[in-house]
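Only the coordinates and a few stated rules stand behind these numbers; no lab work does. Predicted model only: the values in this text are computed from it and were never measured. Here the Cβ positions follow ideal geometry from the backbone for every residue, glycine too, while neighbour counts run over all protein chains shown.
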Amino acid sequence: MPNASILREYGRGAHGFLCLEGLPVLASNRDPTMYEFGARPSTDKELYVSIHSGGHTVSPERYMETVAALQPDLYVTLCDEVTADAKPKRVAASVKRTTAWLEACLRLHATHQQQPQQEQEQQPPPTGPQDAPQAEPADQAPASTSAAGAVRNAADGATASSGGGPLAGSLALAALAGGALPAERTRAAAAVGERDGVGGYALCGLGTGEAPEDRPALIAASLDALPGGSLDSRPVFASGLVSSPEELLEAVAAGVDLLDCAYVAQVTAGGYALTFPLRPPPDWQPAQEGTTSAAADTNGAAAAAAGPAPDASIGADDTKINLWSTSYRLDKGPLLPGCGCFACRHHTRAYTHHLLNTHEMLADVLLEAHNTSHTMAFCQAIREAISEGRLERYRAWFRSLRSAPLVAAPRRGGTAKRRAEGDEEAGTEAGAAAAAGCAAPAGAGRASGPAKWVRV
Amino acid sequence: MASSSSGEPLPSSDSPALKFKVVAAQGRARSSRMTLPHYTAHTPMFMPVGTQGSVKGLTSAQLADLDCHVILGNTYHLENRPGSELVAEMGGLHGFINWQRGMLTDSGGFQMVSLLHLAEITEEGVTFQSPVDGSRMLLTPEQSIGIQNRLGADVIMALDDVVPTTTNDPARFVEATHRTTRWIDRCIAAHSRPTEQNLFGIVQGGLDPELRRISMEQLVARDLPGYAIGGLAGGESKDDFWRVVAQCTAGLPPGKRRGTGTGASGARPMSKPRYVMGIGYPLDIVVCSALGADMFDSVYPTRTARFGVALVPEGVLKLKNACFARDYRPLDPGCSCPVCARGTPRAYLHNVVTRGLASAAGLVTLHNIAYTQALTRAMRQAIEEQRFPDWVRGYLTTMFPKGDVPGWVRDAMEVAGISLEGVATAPRPPAGRAADREAAEAQGQEGGLGSAEDKGQGQEGGRGLKRAAEPVTGSA
């Protein structure tokens with residue numbers, strides 16, 4: 001993002017600047033598609049980040065100033081994220097800092113809520129490089145049905161009563177740190193608790209090298225430590241933790257409501273089109289009732305739903321195909337037969353292969369359109385399964401499609417029960433990757449409703 | 001609608017796969033309908049270039065929304081990848097890229113210039129070294145037409161012997177002019193789909209009026225469905241450029257009255273479409289249209305977009321300039337493209353352009369194509385409403401508010417019969433090296449020729465408006 005003072009001067013926040021009027025915007029603390037974790041240590045006062053314009057230090061003040069300039073619907077509080085392999089001492093420091101920074105962010109939030117914008121403009125612009133590296137507007141679940149929508153409505157109500165400042169309508173998502181250590185995650189979440197001003201939670205530091213099968217336990221360590229009922233009206237966001245559809249599904253099952261675009265960006269960059277089935281056939285039955293690891297049993301119906309076995313020699317697996325493969329040179333079919341997205345309705349696999357082969361930008365545009373559409377449809381299928389009380393069955397079916405499950409069976413039932421109550425909404429893949437940005441809605445939107453693509 | 005200032009019947013022509021009908025004319029400018037096998041295109045028109053079967057970053061649906069009537073494909077590049085046999089198997093270029101409107105493929109001849117270091121030209125044809133795998137590929141007139149027949153575009157171009165206008169060897173131009181004629185006969189003989197595809201001849205002759213006259217005479221004698229003016233936009237001065245265009249638009253049908261041979265419109269004078277190759281600067285498009293040209297193509301609007309340069313009525317916006325960091329206006333308030341209609345701030349575009357994000361290229365490309373299509377649409381309307389001279393004066397006033405219209409534009413407008421009184425008020429700017437350099441930049445074709453220097457002309461209002469040419473750097 002540009003200089004926060006530019007956005008402040010502009011005055012219409014990320015919605016106006018990115019031409020996203022009418023779409024909810026989430027300002028995330030990092031962009032999982034682009035930026036690595038800082039190579040240099042942070043301090044208790046400032047976070048060190050390494051981005052396109054070099055290394056920067058970000059204090060809570062500078063961070064919140066940028067968030068205020070973005071005027072997002074939701075934002076993640078400043079977090080000292082560590083990777084999964086961080087040493088316990090480093091993780092403990094990260095938890096301590098993140099907790100202190102939450103305090104600072106919430107205090108500044110209140111200031112920015114009250115402060116009329118004109119006063120802010122009179123403040124001397126902070127010195128030094130002004131990029132706001134950590135502010136990455138992302139997207140979130142469709143407003144109509146989601147819990148996030150309900151929360152936002154509540155926030156809208158709060159706007160009227162507050163001071164009309166730039167953050168008057170924004171919800172703070174408290175960063176939950178703790179690396180890959182369940183005890184630290186529990187400690188961090190307990191410290192956050194239900195304090196005033198926390199509108200939701202953001203699971204930070206996941207997708208950084210921990211084993212996917214350990215992830216549900218880490219998420220549980222964070223969420224279970226929150227006071228009872230605190231999740232009833234607060235959304236949970238997680239950034240960058242998904243690298244397969246199973247992981248998305250399992251993250252939702254573990255209690256995540258909002259996810260960002262990392263997975264779509266990742267598969268698109270590899271020249272892949274997602275092809276996994278979204279719904280079980282009507283007559284599908286679990287092979288062994290009550291056994292959670294039905295995955296190895298490829299019963300007839302599941303095998304049929306999965307279609308012919310993927311050909312690993314052309315880069316495909318049972319979730320996606322690789323359009324770089326020369327086997328698609330003359331393939332007149334769409335990326336995914338039956339898909340209603342723009343790319344599938346208008347173009348062939350052969351054309352997409354040619355575009356990749358000639359390094360045309362349009363290759364990414366088409367793949368991104370399809371992959372975003374497919375992931376959105378996946379989230380829709382998950383939402384349906386939750387609202388119809390059959391998430392467990394859906395997960396069993398989804399696992400049965402794999403010869404080797406990437407995520408082990410669940411270890412706890414609490415969150416699934418919470419799901420079944422229907423009080424939370426499934427997470428939605430957000431954002432778009434490289435080629436998309438604002439260009440996408442111009443023509444590459446998906447068939448069933450506008451794609452919500454945001455990337456800065 | 002059909003009207004002309006002189007009151008004479010408007011010209012038309014009827015070829016097996018192309019009906020050309022001038023619906024309005026004013027001075028030398030004309031608005032026409034060109035019915036191709038896939039689409040009825042309105043001219044004057046600008047045709048975006050989709051070198052390898054894709055106009056960079058845009059979908060075919062977006063191109064249709066932007067009111068593009070014909071797009072280009074490059075024979076040489078498409079034969080390299082994916083190959084015309086494959087394209088034919090996929091239903092031709094139209095089916096392969098899913099574009100239902102008009103298409104035009106070049107002959108591969110331009111790559112003689114843009115890839116000269118990889119090409120060797122003999123009487124038989126051109127031998128290229130493939131930049132993809134190093135293999136040698138001989139492109140003869142017969143092969144060029146064979147490839148284009150397989151690609152299946154509505155308009156195919158004859159292989160011509162292109163010599164860069166900057167070449168300092170008169171004998172080479174003479175040879176190229178006559179060889180182009182010899183090759184057109186080989187192209188005509190090789191053309192296997194004359195009722196489905198239109199073979200256009202290309203006038204050569206460098207900057208020599210006599211050679212151009214000979215080339216035109218020889219091509220017109222072959223009664224082709226349309227004619228292109230080739231060998232321009234290659235570094236010649238603007239002064240030379242417009243004179244060649246003026247000579248050729250006057251000399252091509254109906255300049256030389258011939259019987260049409262079509263029964264129904266026998267009373268109408270005959271005319272054929274005129275295509276000036278490689279023209280994409282908005283000012284050049286306007287000047288050539290005023291001189292009677294109908295079709296234009298260039299990678300300029302799309303390539304310059306990728307460098308962060310947006311086309312606007314005042315000239316160009318170089319979005320990388322720091323002055324746009326706090327400019328919250330849309331690119332062009334009068335533009336109806338999706339980018340401007342949503343009010344995308346210039347400050348946002350500055351931010352993404354300076355970071356080189358692909359989405360930035362897509363947004364500015366979208367705007368620039370919308371701009372060229374709106375420009376040609378406005379010209380057609382002005383001609384049909386018989387107010388074209390006024391429109392040209394308005395266009396030049398917006399672009400040159402100080403009245404410093406370049407000398408070559410003044411001269412060309414005089415020949416076009418458009419008075420610039422009250423428009424070109426400032427003293428005539430000096431011609432010469434600056435003008436020539438600008439012309440060299442107009443070359444912005446395949447090879448990424450031209451200089452990277454910015455003449456810094458036309459700074460207006462501190463907003464970084466540059467009327468001058470966009471420097472062309474790098475390659476696609």
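Where the only charges are on Cβ atoms (+1 Lys, Arg; -1 Asp, Glu), what is the dipole of the range A:193-233 about its Cα centre, to the nearest 20 debye?
In debye, rounded to 20, the range A:193-233 gives about 100.
Rg/Rh for chain B to two decimals, with Rh computed the Kirkwood way over all alpha-carbon pairs.
Expressed as Rg/Rh, it is 0.94.
Considering only the range B:1-103, what is the antiparallel percent among its DSSP beta bridges, to the nearest 5?
75
Per residue of B:336-346, count partner chain C-beta atoms within 10 Å of its C-beta, then hand back the mean as an integer.
Across the residues of B:336-346, the mean count of other-chain Cβ atoms within 10 Å is 3.
Where the centre of each part is set by its Cα atoms, how far does the range A:335-387 sit from the range A:51-111, in angstrom?
One Cα centre to the other: 35 Å.
Taking the inverse of the average 1/r across all pairs of different Cα atoms in the range A:169-280, what Kirkwood radius in Å do you get?
So the Kirkwood estimate lands at 14.7 Å.
For the range B:358-436, what is the charge dipole size about the Cα centre, in debye to the nearest 20, if Lys and Arg each add +1 at the Cβ and Asp and Glu each add -1 at the Cβ?
With Lys and Arg at +1 and Asp and Glu at -1, about 160 debye.
Between the range B:377-435 and the range B:286-307, how far is it from one alpha carbon centroid to the other, in angstrom?
Computed from Cα coordinates, the inter-centre distance equals 16 Å.
With charges set only on the Cβ (+1 for Lys and Arg, -1 for Asp and Glu), what does the dipole of chain B come to about its Cα centre, in debye to the nearest 20?
1140
For a quick check: sort B:79, A:388, A:61 by the number of other beta carbons within 10 angstrom, fewest at the front.
A:388, A:61, B:79
Please identify the cysteines of chain B that lack any partner cysteine with a Cβ under 4.7 Å from their own Cβ.
For chain B, the answer is B:68, B:187, B:248, B:288, B:323, B:337, because their Cβ atoms have no other cysteine Cβ under 4.7 Å.
Please rank B:21, B:402, A:332, B:56, fewest neighbouring Cβ atoms within 10 Å first, as an exposure proxy.
In order of increasing Cβ crowding within 10 Å: B:402, A:332, B:21, B:56.
If you average over every viewing direction, what projected area does the convex hull of the Cα atoms of the range B:58-118 give, in nm²?
That works out to 4.6 nm², a quarter of the Cα hull's surface.
Can you tell me the order of B:410-416, A:14-20 when each peptide is scored by its average per-residue count of other Cβ atoms within 10 angstrom, highest first?
Ranking the peptides B:410-416, A:14-20 by packing returns A:14-20, B:410-416.
Once you have all Cα-Cα distances for the range B:140-192, histogram them in 10 Å bins from zero and send the whole-percent values.
Computed distribution, short to long bins: 26, 43, 24, 7.
Among B:371, B:275, A:10, which comes first, then next, by fewest other beta-carbon atoms within 10 Å?
A:10, B:371, B:275
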